[in-house]
């Protein structure tokens, strides 16, 4: 869990820092956050695959699954940012901080159980029973 927290912190710092910099440069909140989010994808995938989950899953499998989970997280982030900044007119930093609390919960749940799951955990229970 500590490794996930460190990895998530690096990813969140990339996301939040990039978004804040672009927001300060005059970009609208959603595109600013989107750019920060995209930059954080590489940081997150590399750290989670190699260090957090120590996965041996191939990049084709893990990468495609990771991008699926990332798409769900991106959707969550975009909805929270749009509702918070465009509908409720709350400050970008406050709304982004709220999104950055919700995203790790979604990411950890899906990545630990599906994206970087070991091969044995990916097999159907009947396949595992037959090998015993």
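Computed from the coordinates by the stated procedures, all read-outs in this text should not be read as laboratory data. Model, not experiment: these values are computed from the prediction. Cβ placement follows ideal geometry from the backbone for every residue including glycine, while neighbour counts extend to all protein chains displayed.
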Inset, instruction - Largest first and in whole Å, give the semi-axes of the chain's equivalent ellipsoid, each being the square root of 5 times a Cα gyration tensor eigenvalue. - result: 33, 14, 11
Legend entry - Rounded to 10°, Cα long-axis angle of helix 2-24 versus longest principal axis of the chain: 30
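For n ≥ 4 DSSP H runs only, could you compute -39500 (n - 2.57) per run for the chain, divide by its residues and tell me the 222 nm figure to the nearest 500?
-24000 deg cm²/dmol, from helical runs alone.
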Inset, instruction - Based on other C-beta atoms within 10 Å, arrange 45, 108 from fewest to most. - result: 108, 45
Inset, instruction - Give, in nm to one decimal, the length gained when the segment between residue 89 and residue 114 is fully stretched (0.36 nm per residue of separation minus the Cα-Cα distance). - result: 5.4 nm
Legend entry - On Cα atoms only, tilt of 59-81 relative to the major axis of the chain in degrees: 30
Inset, instruction - Would you mind ranking 15, 59, 89 by Cβ crowding within 10 Å, fewest neighbours first? - result: 89, 59, 15
Inset, instruction - Report, to the nearest 10°, how far helix 92-110 tilts away from the longest principal axis of the Cα atoms in the chain, using its own Cα long axis and a range of 0 to 90°. - result: 10
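How much length, in nm to one decimal, is gained on full extension between residue 51 and residue 5, taken as 0.36 nm per residue of separation minus their Cα-Cα distance?
Full-extension gain reported as 15.4 nm.
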